[in-house]
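**Student:** Below is a structure I'd like to ask you about.
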């Protein structure tokens with residue numbers, strides 16, 4: 001399961017690479033909708049801050 005950690009800098013690269021738009025930026029926090037997430041790892045591998053645990 002993918003988890004966005006506290007060290008997220010909100011660069012929003014992950015939002016652009018998610019093939020199913022499971023990642024959103026709301027109220028100053030990036031989150032993953034686990035009901036939509038495919039757990040493909042695209043977000044984790046694209047995160048320049050290594051803030052997504054896959």
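Every number here is computed from the coordinates shown, using simple stated rules; none is lab data. All values reported here derive from a predicted model rather than from experimental measurement. A quick note on method: Cβ atoms are made from the backbone with ideal geometry, for glycine too, and the neighbour counts reach across all protein chains shown.
**Student:** Restricting to the range 29-54, name every residue that is out of contact with any helix residue (DSSP H, G or I) (no Cβ under 7 Å at 6 or more places or on another chain) and part of a loop (DSSP other than H, G, I, E, B).
**Tutor:** Once the filter is applied, which keeps residues that are out of contact with any helix residue (DSSP H, G or I) (no Cβ under 7 Å at 6 or more places or on another chain) and part of a loop (DSSP other than H, G, I, E, B), the range 29-54 yields 33, 34, 35, 36, 37, 38, 39, 40, 41, 49, 50, 51.
**Student:** Can you name the residue in the range 17-28 that is without any contact (Cβ under 8 Å) to a residue 24 or more places away in the chain and not in a strand (DSSP E or B) and is also surrounded by the most Cβ atoms within 10 Å (Cβ to Cβ) among such residues? Please lay out each step first, then the result.
**Tutor:** So in the range 17-28, the residues without any contact (Cβ under 8 Å) to a residue 24 or more places away in the chain come out as 19-28.
Applying the additional criterion that residues be not in a strand (DSSP E or B) yields 19-22, 27-28.
On the way: 19: 9, 20: 11, 21: 10, 22: 21, 27: 6, 28: 6.
Going through the qualifying residues, I end up with 22.
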